[in-house]
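The values are calculated or read from the model by the stated rules, or taken from the named source; none is laboratory data. Computed from a prediction, not measured in an experiment: that's the story for all the values here. So basically every Cβ, Gly included, is an ideal-geometry build from the backbone, and we count neighbours across all protein chains shown. Note: accessible area is taken over every heavy atom of the protein model, side chains too, but ligands, DNA and RNA are not part of it. Shrake-Rupley method; radii C 1.70, N 1.55, O 1.52, S 1.80 Å.
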Amino acid sequence: MKFGIHYQLPCYGSQSPVQRYRDTIEQSVYAEALGFESVWPVEQHFNADLSITPAPLLLLAALAERTQRLRLGIAIVLLPLSHPLRIAEEIASLDVLSNGRVEFGVGRGAIPLHFSAFGVPQAESRERFAETLELILKAWTHERVSHRGRFFQVEKVAVVPRPV
């Protein structure tokens, strides 16, 4: 059996975001020493009582430098809200920085505020998710990627680096 840590990372009025992040990093380092296998911060936006982790990849990059074996999972990348080439580059960069320790978790999201704030119609989330994931996988498996979809058009782009 494998054990991991899941971080929602709420930060209430009296808490310091700086200290909350520092405590989370220290807890994760200690969890690795105790034999935990993975860490999974959640991507959430616009609600500190729920989470102050709009960019979990940044937290995982800090953990990549402080840990040796801990698997670095993203719970989850909200694919409909992001450009697939940027996600492909950022996930691959984290994987290179951590020497192949990334677990790529993806999802559509369900919080209406996320979609409205980023100007993405929530009704398109299923189609955007599918097209984004397809393009990310192409970017990681082809020397150059071309794509003509409903939401994204890409012509002969080399996404670098590639995941380990």
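When only the Cβ of Lys, Arg, Asp and Glu is charged (+1, +1, -1, -1), the dipole of the chain relative to its Cα centre reaches about 260 debye.
For segment 2-157, the relative contact order comes to 19 percent (Cα pairs under 8 Å, sequence separation of at least 6). The 1.4 Å probe gives accessible areas that order ARG148, ARG20, largest first, as ARG148, ARG20.
For the chain, with all protein chains present and a 1.4 Å probe, just round the carbon and sulfur fraction of the accessible area to a whole percent.
Roughly 56 percent, rounded to a whole number.
Based on protein heavy atoms only, segment 1-90 ends up with 52 Å² per residue of surface accessible to a 1.4 Å probe. Less than 5 angstrom separates the built amide H of GLU37 from those of PHE3, GLY4, all sequence-distant by 5 or more or on a different chain. Averaging the sequence gap over all C-alpha pairs within less than 8 Å and six or more residues apart, then dividing by the number of residues, gives segment 1-89 a relative contact order of 32 percent.
Proximity of backbone amide H atoms, modeled 1.01 Å from N, is registered between VAL145 and LYS156, VAL157, ALA158, VAL159 at under 5 Å, excluding neighbours fewer than 5 places apart on the same chain.
Computed from Cα atoms, the angle from the helix 84-97 axis to the main principal axis of the chain rounds to 40 degrees.
Tell me the Kirkwood radius of the chain: reciprocal of the mean inverse pair distance over distinct alpha-carbon atoms, in Å. If you can, show how the numbers build up before the last one.
Numbers: mean 1/r = 0.0598 Å⁻¹.
So the Kirkwood estimate lands at 16.7 Å.
Which value at 222 nm does the chain reach when only helices count, each DSSP H run of 4 or more adding -39,500 (n - 2.57), with the total divided by all residues and rounded to the nearest 500 deg cm²/dmol?
Calculated from helices alone, the mean residue ellipticity at 222 nm is -13000 deg cm²/dmol.
In the assembled protein chains, VAL106 presents an accessible area of approximately 50 Å² (probe radius 1.4 Å).
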